[in-house]
1. Compute the whole-percent fraction of alpha carbon pairs in region 3-129 spaced more than 25 Å apart.
2. For HIS184, what accessible surface area do you get with a 1.4 Å probe? Give it in Å², rounded to 10.
3. For an R0 of 45 angstrom, estimate the FRET efficiency from the Cβ-Cβ distance between GLU316 and ASN187 and round to the nearest 0.05.
4. Based on the alpha-carbon gyration tensor of region 186-314, what equivalent-ellipsoid semi-axes (square roots of 5 times the eigenvalues) come out, in whole Å, largest first?
5. Can you run phi through the Karplus equation (6.51, -1.76, 1.60; θ = phi - 60°) for region 213-218 and list ³J(HN,Hα) in whole Hz, with x for Gly and Pro?
6. Explain nothing, just the number: relative contact order of region 111-215, from Cα pairs under 8 Å at least 6 residues apart, as a whole percent.
7. How large is ³J(HN,Hα), in whole Hz, for each residue of region 267-282 in order, when computed from phi with the Karplus curve 6.51 cos²θ - 1.76 cosθ + 1.60 and θ = phi - 60°, using x for Gly and Pro?
8. Report, to two decimal places, the Cα Rg of region 318-363 normalised by 2.2 N^0.38 Å (N = number of residues).
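The values are calculated or read from the model by the stated rules, or taken from the named source; none is laboratory data. What you are looking at is a predicted structure, and each value in this text was computed from that prediction instead of being measured. Neighbour counts are summed over all protein chains in view; Cβ atoms, including those assigned to glycine, are modelled from backbone coordinates with ideal geometry. Remember, those area values only see protein heavy atoms, side chains included, never the ligands or the DNA or RNA. Shrake-Rupley method; radii C 1.70, N 1.55, O 1.52, S 1.80 Å.
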Amino acid sequence: MKPDHHAVPPARKGQAPEKLARIEFHKKFTASFYDPRFDPLRGEIAKLEDVAWQNYQDSRKAPVTVKAGPGFADPDYDMSTEWMAARDTLLAAERTQKDPATPSRVLLIVGSSRNDGTCPGEMSKSFRLAEWARTAFETEGMQVDLLDLSLVTSTYDHHIHPCKGCVSTAMPLCHWPCSCYPNHSLNQVNDWMNDIYERWVLAHGVLIIAPTYWYQSPSPLKLMIDRLVCADGGNPDPSSTHGKEAEEAKAIELDGWDYPKHLAGRAYGVISHGDVAGIESQRRNLSDWLEWMGLIGAGHQAMLDRYIGYFESYAESHETLDHDTPMQEEARIAARAVSEAVRQIRAGTLKAPDAKLRPARPK
């Protein structure tokens, strides 16, 4: 029996715990000031804690707002100024990306968690492969934006906060760009994703190079992937749901949602590498995800899964890559393939054959 779309399902409640008690909040807040060097400032820190506690109690997520204004579903809605700035940045980036006079730009993503600025003490092989790919891109006349996701492990207070899963309540509750962060009441700040969204929007092509961790993508790469869900069907108008009003979002979706694909039409390539197992499944997962978002594959030579030192020592893995000249050349070939796809897309000669067909089951 077909459900009645006029009856909006209520939001299910009861999972979230109560707010922290004051003593638990104190322990978490002061953990950032464990170092004895902060001892002379304990009084001042206590004053900051009192303000932070009050903001936490008041759920003061977006302390600075502005009226949404013309063009929004509810012009009088108090919109976060930080979200408005991110949205304006993406609109400007989209205009630049679509301008035929701008240089062709590729986003070259290093998906490893490793770099030599933190605990591993050594650069990642993904980074080295990206450097060979970068040279090939530049030789092809591409403007290269290197996005090294390992910076979340080696940079002070630098985060890709996890996706909160708003889309599973209703697609219109997932805003483009993401409005879940920053959440100042929970100290969920210094989120990298607004910068990353802009870099995806500016790109005409994307090449992801990533190692395989336990059959999967490394944590920073997976965090970015999850937070890009808003690029595939996300709602560009948070005032339409008055922020995170679940029932309002459900009603909008049930009335019919068009699932806009905000990054569709860009070229892509993927290089998945590892030392024991799982490289094929990661390559497929990444390719399937990019295809789902409407990106266009640059051919089989841009979709690689390769072992570097199969069942050999970790200690000598860089030396193994030194001698694997075919692997080095394959990274360059993948970059050349993505470059050619970008040229064809911008010339209008390469399009996804089903790009104009509406899915029978949009989601």
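1. 68
2. Answer for HIS184: close to 70 Å² accessible.
3. On the way: r = 43 Å, r/R0 = 0.94.
After rounding to 0.05, the efficiency reads 0.60.
4. 33, 17, 13
5. 10, 6, 6, 10, 6, x
6. Computed value for region 111-215: 29 percent relative contact order.
7. 3J(HN,Hα) across region 267-282, in whole Hz: 7, 8, x, 9, 10, 10, 9, x, 10, 9, 7, x, 5, 5, 5, 5.
8. Working: Rg = 17.6 Å, N = 46, 2.2 N^0.38 = 9.4 Å.
Expressed relative to 2.2 N^0.38 Å, the Cα Rg reads 1.87.
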